[in-house]
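What follows is a single structure, written as structure tokens, with notes after it.
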Amino acid sequence: MTKFFQTTFFFISVLFLASCSSDDSEGGSSSKNFTLNGETYRVEQAVIQVFNDSESNTSDASISLTGSKGGKVASISFSVFYNTSNGIEGVYTSDEDSWDQIEDTYSSWLSMYSITQNMDMTTSNQPVGPVTIISHGNNQYTLEFDVTYADNVTASASVKTTFAIQSMGF
């Protein structure tokens, strides 16, 4: 039931946030792009949604990037599970479709990409590959990944940007 609630909340939030634009005006030489299916997308939105379980001292978080290129909009998200005391920073590996929540893994079932152009949408889940989250303070993170999805689409990035943070306890 918890997974259903988290998934539903995630999708509602993504739809809500898709209409917002990023106000990140940070300069610097860090890449603000991610590559998906051989195409490069400029990050327009970066969001972390956290569900804290105070009884078990663990957190589920969805970290996502949304970007555009011409008439296409692409989104990548990873659902990570970690010890709340340690924070979200770390290296995550796929849980390989296990429904057991194992710290320092990401749910391959709930992690996904989507590409939308006009009325057409391509989407897949079950990525395999490393995902790294580095905290720089003040809601600024670097998200690094190099993954291959179930449909053999690849995605990679090393994006340092300010993330919008949504947090909820249960």
Only one of (1) modelled with pLDDT under 95; (2) in a loop (DSSP other than H, G, I, E, B) is not met by residue 152, so which one is it?
-> (1)
Looking at the range 124-139, which of the residues that are touching a residue at least 40 places away in the same chain (Cβ under 8 Å) and part of a strand (DSSP E or B) is farthest from residue 153 (Cα to Cα)?
-> 135
The listed residue being in contact with a Leu (Cβ under 9 Å, 6 or more places away or on another chain) and not aliphatic (A, V, I, L, M), out of 125, 118, 152, 139 | 125
Failed item in (1) in contact (Cβ under 8 Å) with a residue 12 or more places away in the chain; (2) in contact with a Ser or Thr (Cβ under 7 Å, 6 or more places away or on another chain); (3) more than 18 Å from residue 61 (Cα to Cα), with residue 121 passing the rest = (1)
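Out of everything in the range 93-121 that is among the hydrophobic types (A, V, I, L, M, F, W, C) and part of a loop (DSSP other than H, G, I, E, B), what residue ends up being farthest from residue 149 (Cα to Cα)?
From the range 93-121, those among the hydrophobic types (A, V, I, L, M, F, W, C) are 99, 102, 109-110, 112, 115, 119, 121; that's our starting set.
Of the ones still in play, those that are also part of a loop (DSSP other than H, G, I, E, B) are 99, 102, 119.
Numbers: 99: 18, 102: 20, 119: 22 Å.
In this case the residue turns out to be 119.
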Of 88, 76, 63, 48, which residue is surrounded by 15 or more Cβ atoms within 10 Å (Cβ to Cβ), part of a loop (DSSP other than H, G, I, E, B), of a type outside the set (Phe, Trp, Tyr) and within 14 Å of the chain's Cα centre (by Cα)?
-> 88
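The values are calculated or read from the model by the stated rules, or taken from the named source; none is laboratory data. Worth saying up front: this structure is predicted, and the values here are computed from it rather than measured. Neighbour counts run over all protein chains shown; Cβ positions are idealised from the backbone, glycine included.
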